[in-house]
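One structure is given here, and the rest of the page talks about it.
Bear in mind these aren't lab numbers, they're just calculated from the coordinates by the rules spelled out. Only a predicted model underlies this, so the values are computations on that prediction, with no experimental measurement involved. Heads up, the Cβs are rebuilt from the backbone with ideal geometry, glycines too, and the neighbour counts pull from every protein chain shown.
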Amino acid sequence: MVVPGPVSGIAVRMGTFTMFAFMQQNSEERPNALPEQQAQLWGLFVLVGAQGAEELRKELTLDEMSFRHLAPNLNGEPKQYFLYRVLDEIQKAALRIADWKEYLSEDGLDKLQRIDYESVIDDQQFRARKLAEVLVDAILFSTTNDQDHYGDYFFLYELNECARSQEDREEFFGFQSENTQWSANWLFDEIRRLEKAGLDPRSRWYVKQGSAVKREWTTRGVPFSSFRQRYKQVLPVALPNELNVLGKSYVHAYGMSKDVHFTPHDTSSGFMGEEVFHGVDRVGLLILALIIRCQHLLGRVPEGVNKRYREMHDSNTEPAKLVQALRRRPAEEGDIVWIQGDYAEVLNVTTSKYGYPAYQVRYIEHSPLPEVPEDWFAGFEVRLAAKRITVEKAADAVAEDIQKSTGECENRAKLLNYAKLAVIRLSTYQQQRRLQISRSASIGASGPVPKPGIPPKANGAGEPPALPAQ
């Protein structure tokens with residue numbers, strides 16, 4: 001899956017000269033087939049993920065021996081176990097980025113086959129999906145950041161494992177374990193004890209509909225909330241950088257089933273080698289977001305990498321601008337827009353319950369499918385080509401000239417159509433000129449180059465035409 005949102009070139013959006021100075025200070029001096037800025041950015045991901053996580057781990061009242069041999073609720077601080085496990089995932093992902101960086105930095109990158117790229121992309125999609133799950137849970141724990149909720153979370157997941165293992169034994173071997181059932185009953189009692197002590201079941205974002213514990217969960221399993229449900233709860237409370245890296249919707253945040261499961265119908269017709277570079281960026285940005293979220297859950301920012309990166313994070317206003325841009329209306333009814341290579345007129349604009357605009361458009365010259373002359377698109381897929389008033393003024397000016405020269409009044413609807421077609425012709429010409437200039441500038445440059453005939457991507461859609469919007 002192509003990474004959603006503004007990931008390619010993310011160093012610029014994340015950053016500032018300070019970020020590049022930080023990366024340069026910690027980069028190794030060695031030959032590198034990757035573009036220098038790309039290599040430095042990936043070096044930042046590894047540094048913050050590996051060393052930054054280790055600094056945070058030292059802030060926990062938990063060591064490796066205790067983590068491996070004591071149950072999370074035994075020492076009365078299950079929160080420490082949750083954070084310890086999150087830091088594990090951060091460091092594992094950082095190690096994978098180091099491997100990808102080395103692999104993609106080797107000579108002969110241009111000789112890699114599709115299967116080489118897809119083997120790495122599969123690994124990236126698995127890692128990104130797991131980190132997205134971790135990040136969503138960590139964000140939501142900021143709303144229930146107390147030991148009882150962490151303990152409840154662990155108890156419920158352990159109870160669910162007991163119930164699922166019993167179901168498996170019953171189905172395939174025809175018996176149930178008395179030891180496992182005893183453990184399930186004990187877990188049920190502990191969860192109910194937390195409720196009696198004051199834990200409000202409605203605050204359980206990790207359980208579907210925030211239900212109170214039920215005896216049937218010991219045999220049928222716990223009805224946990226889905227990732228989709230948790231993602232929707234994240235939207236009002238996540239930081240801008242978290243919203244940017246998770247993506248605009250459930251599919252952007254979690255991907256499609258085919259990203260991690262076998263799908264024989266996927267023929268890779270849309271495969272592009274550049275996806276492997278976007279995949280590294282996505283995993284790296286999830287690492288950075290998790291480091292910041294762990295700092296918030298701990299209420300501390302350790303000295304060293306954590307402090308330096310936190311200063312960069314807090315001074316960067318670009319993520320907030322990108323989030324706000326998703327809710328901005330790029331066009332209004334009657335405007336001419338450019339969508340995925342085609343021009344259309346806006347018929348209607350609506351806003352979803354999450355504040356995202358959606359556009360109903362009618363294609364002007366031709367549509368991708370003749371049977372579909374009109375369609376709907378998300379706001380981030382729409383690029384303004386010309387304002388309605390601009391087209392109308394052009395048509396009216398032509399009408400005035402015709403009347404002055406011939407004394408006749410031309411049909412206004414016909415002139416408006418001509419004006420729309422003129423907008424398309426001019427915009428297409430400008431795009432072609434920009435692409436020619438871009439390709440000329442890229443000759444001799446290292447790194448992936450856009451395929452001929454494909455406009456460069458930005459924010460999930462092509463570059464907007466360079467026509468005057470007023």
Cα-projected label distance for Thr350 with Lys393, points at 7 Å along beta-carbon direction, nm = 3.3 nm
Amide H neighbours of Val207 at under 5 Å, excluding residues fewer than 5 places away on the same chain, with H built from the backbone geometry, are Ser225
List the lysines whose alpha-carbon lies under 24 Å from that of Lys321, not counting same-chain residues fewer than 8 positions away?
-> Lys232, Lys248, Lys307, Lys353, Lys387, Lys457
Gain in span if fully extended, Gln360 to Gln113, counting 0.36 nm per residue against the direct Cα distance | 84.9 nm
For the pair Ala71 and Ser315, the simple spin-label estimate (label points 7 Å beyond Cα toward Cβ) gives in nm 4.8 nm
Residue-ordered couplings for segment 283-296, obtained by feeding phi - 60° into the Karplus form 6.51 cos²θ - 1.76 cosθ + 1.60 and rounding to whole Hz (Gly and Pro as x), are 4, x, 5, 5, 4, 4, 5, 5, 4, 5, 5, 5, 4, 5
For segment 48-53, just list the computed ³J(HN,Hα) in residue order, Karplus coefficients 6.51, -1.76 and 1.60, θ = phi - 60°, integers in Hz, with x standing in for Gly and Pro.
-> 5, x, 7, 6, x, 5
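Want the number for Met272 to Gln147: 0.36 nm per residue separation, take away the alpha-carbon distance, what's left? If you can, show how the numbers build up before the last one.
Details: separation 125, 0.36 × 125 = 45.00 nm, distance 4.59 nm.
So the extension gain works out to 40.4 nm.
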Sorted by Cβ density within 10 Å, fewest first, the residues Trp205, Trp42 = Trp205, Trp42
With θ set to phi - 60°, apply the Karplus curve 6.51 cos²θ - 1.76 cosθ + 1.60 along segment 373-385 and write out the HN-Hα couplings as whole Hz, x wherever there is a Gly or Pro.
-> x, 10, 7, 10, 9, 6, x, 6, 8, 9, 10, 5, 9
